[in-house]
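The values are calculated or read from the model by the stated rules, or taken from the named source; none is laboratory data. These numbers come from a predicted model, not from an experiment. When we count neighbours, we look across all protein chains shown, and the Cβ atoms used for this are built from the backbone with ideal geometry, even at glycine.
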Amino acid sequence: MSTPLIERLTAAVRDTGHPVTETDRTDLQAFLPLAHLYSQSSGIVFDDIRALALAVHALAFVRRVRTAEHLDTLDPQLAAEVAPGRMSAVRQLIDSYCTPREFAARDTEVLLLALHFEAAAQLQDHTDQQA
């Protein structure tokens, strides 16, 4: 999931004010395999569009970790959109990345990432039902 996806991400954001740096690549190469492992173990398949959306989110996330930036709190009701158990699983994923970097990610980070997995899972369920 990581190297070809990082190249797609690099191309997608090349002409923005914040292109992918070598430090970003290194951080993404550490984070994206964790996300991929979780998606595989959960049976979640990302289509190309959702994989790129996840990568864009991951890029912003790894940058926030590096700069010790925290996002504002989101409406807790958004968590109702996430399947039972997904929040705690995604918390473990995020903590496995953040703990060695001495960063304590807040629930907002967990929720935002969990929503990416939830959207991919729901799209997959919808697609499976139509088949």
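Tabulated values for the structure
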{"read-out": "Selected residue (only one of A121, A114 is surrounded by 14 or more Cβ atoms within 10 Å (Cβ to Cβ), under 26 Å from A12 (Cα atoms), modelled with pLDDT under 95 and among the aliphatic types (A, V, I, L, M))", "value": "A121"}
{"read-out": "Any hit, the range 21-43, residues being hydrophobic (A, V, I, L, M, F, W, C) and in contact with a Cys (Cβ under 8 Å, 6 or more places away or on another chain)", "value": "no"}
{"read-out": "Identity of the residue in the range 99-111, surrounded by fewer than 17 Cβ atoms within 10 Å (Cβ to Cβ) and not polar (S, T, N, Q), that ends up farthest from T26 (Cα to Cα)", "value": "D107"}
{"read-out": "Failed item, numbered, when L93 is tested on (1) modelled with pLDDT of 95 or more; (2) loosely packed, with under 13 Cβ neighbours inside 10 Å", "value": "(2)"}
{"read-out": "Residues within the range 73-112 that are touching a His at 6+ places or on another chain (Cβ under 7 Å) and of a type outside the set (K, R), tallied", "value": "1"}
